[in-house]
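Working notes, beginning with the structure itself.
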Amino acid sequence: MGSVSKELRKLADDMLQTMYEAPGIGLAAPQVGVLKRMFVMDCIKEENATPEPNILINPEVTWVSEDMNTYEEGCLSIPDQYADVERPAEARIRWMDIDGKVQEEQFDGLWATCVQHEIDHLDGKLFIDYLKPLKRQMITRKMVKLKREMARE
Ligand SMILES: [Zn+2]
């Protein structure tokens, strides 16, 4: 069992704030330039619903279902681009929480998609890596163009 440093708590708080402001349902540390295996998520999207912020440190996939599910995914690192991605419908994850306790939980629905998408970020993988080459090229080209426009401003 590890202990969580003050810096990591601060980072998690900042990431949650960034995610809610975006708004997004998940944000991984590498997306904000920090090479730590950590991400935050909250898949509660309904207005007026109680937020369920989750902080997952060193997450590991311990099981995935054979059943697959398709969601239209987006990503804060790829603004305004969305595409259908097929992933296991359920996933069991083990991680360390912000109090340094090991947790294990099975996720389904949007939560399952979100945890798998965020763990991919920790491995340097983006949702567009799952797309057919043509669709991926289209999005990549748009991103290059967008980056060029932003650099000019
Ligand atoms: Zn993402």
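Considering only protein heavy atoms and a probe of 1.4 Å, how much of the accessible area of the chain is carbon and sulfur, as a whole percent? Working shown, then result.
Details: 4670 of 9550 Å².
About 49 percent, which is the carbon plus sulfur part of the accessible surface.
Taking H placed 1.01 Å from N in the peptide plane, check which residues at least 5 places from Arg37 or on another chain put their amide H under 5 Å from its amide H.
So Arg37 has HN proximity to Asn58.
Determine ³J(HN,Hα), in whole Hz, for all residues of region 35-41 in sequence, where each value follows from phi through the Karplus function 6.51 cos²θ - 1.76 cosθ + 1.60 and θ = phi - 60°; x replaces Gly and Pro.
For region 35-41, the Karplus curve yields 8, 10, 7, 8, 8, 10, 7 Hz.
Going down the table (Lys125/Lys145; Lys10/Lys36; Lys6/Lys36; Lys36/Lys135), which pairs top 19 Å between alpha carbons? All intermediate terms of the calculation are to be shown ahead of the outcome.
Working: Lys125/Lys145 21 Å; Lys10/Lys36 13 Å; Lys6/Lys36 14 Å; Lys36/Lys135 30 Å.
Violating the 19 Å limit, Cα to Cα: Lys125/Lys145; Lys36/Lys135.
Convert each backbone phi in region 15-20 into a coupling constant with the Karplus relation 6.51 cos²θ - 1.76 cosθ + 1.60 (shift: θ = phi - 60°), then list the ³J(HN,Hα) values in order as whole Hz, x for Gly and Pro.
5, 4, 4, 4, 5, 5
For the chain, build the charge dipole from Cβ charges (+1 Lys, Arg; -1 Asp, Glu) around the Cα centre, then report which of Tyr71, Ala29, Gly109 sits farthest towards its positive end.
Comparing the listed Cα positions along the dipole, Ala29 ranks first.
Under 5 Å between amide H atoms, partner at least 5 residues away or on a different chain: which partners does Phe107 have, H built in plane at 1.01 Å?
Placed amide hydrogens put Ala91, Arg92, Ile93 under 5 Å from Phe107.
Give me the dipole magnitude in Debye, nearest 20, for the chain about the Cα centre, with unit charges on the beta carbon: positive for Lys and Arg, negative for Asp and Glu.
Values: 20 positive and 28 negative charges, 197 e Å.
That gives a dipole near 940 debye.
Might you report the magnitude of the Cβ-based charge dipole of region 30-86 about its Cα centre, with Lys and Arg at +1 and Asp and Glu at -1, to the nearest 20 debye? Before the final figure, lay out the partial values.
Details: 3 positive and 12 negative charges, 101 e Å.
That gives a dipole near 480 debye.
What do you get for the angle between helix 109-122 and the principal long axis of the chain? Use alpha-carbon atoms, 0 to 90 degrees, nearest ten.
Taking Cα atoms only, the helix is inclined about 80 degrees.
For region 35-92, state which trypsin sites (Lys or Arg not before Pro) are in a DSSP loop and have at most 12 other beta carbons lying within 10 Å of their beta carbon. Don't skip to the answer; put the middle values down first.
Details: sites: Lys36, Arg37, Lys45, Arg92; in loops: Lys36, Arg37, Lys45.
Filter output for region 35-92: Lys45.
Enter the angle in degrees (range 0 to 90, nearest 10) between the Cα long axis of helix 133-152 and the first principal axis of the Cα atoms of the chain, meaning the one along which they spread out most.
90 degrees
Residue by residue through region 89-98, which ³J(HN,Hα) values in whole Hz follow from phi under the Karplus form 6.51 cos²θ - 1.76 cosθ + 1.60 (θ = phi - 60°), with glycine and proline marked x?
5, 10, 9, 9, 10, 10, 8, 9, 8, 5
Write down the accessible area per residue of the chain in Å², having rolled a 1.4 Å probe over the full set of protein chains. Walk me through the numbers on the way to the answer.
Numbers: 9550 Å² over 153 residues.
Per-residue accessible area for the chain comes out at 62 Å².
The values are calculated or read from the model by the stated rules, or taken from the named source; none is laboratory data. Owing to the predicted nature of the structure, the values given are computational and were not obtained by experimental measurement. Every residue, glycine among them, receives a Cβ derived from its backbone with ideal geometry; neighbour counts consider all protein chains shown. Each accessible area value is taken on the protein alone, full model and side chains, heavy atoms only, with ligands, DNA and RNA left out. Shrake-Rupley method; radii C 1.70, N 1.55, O 1.52, S 1.80 Å.
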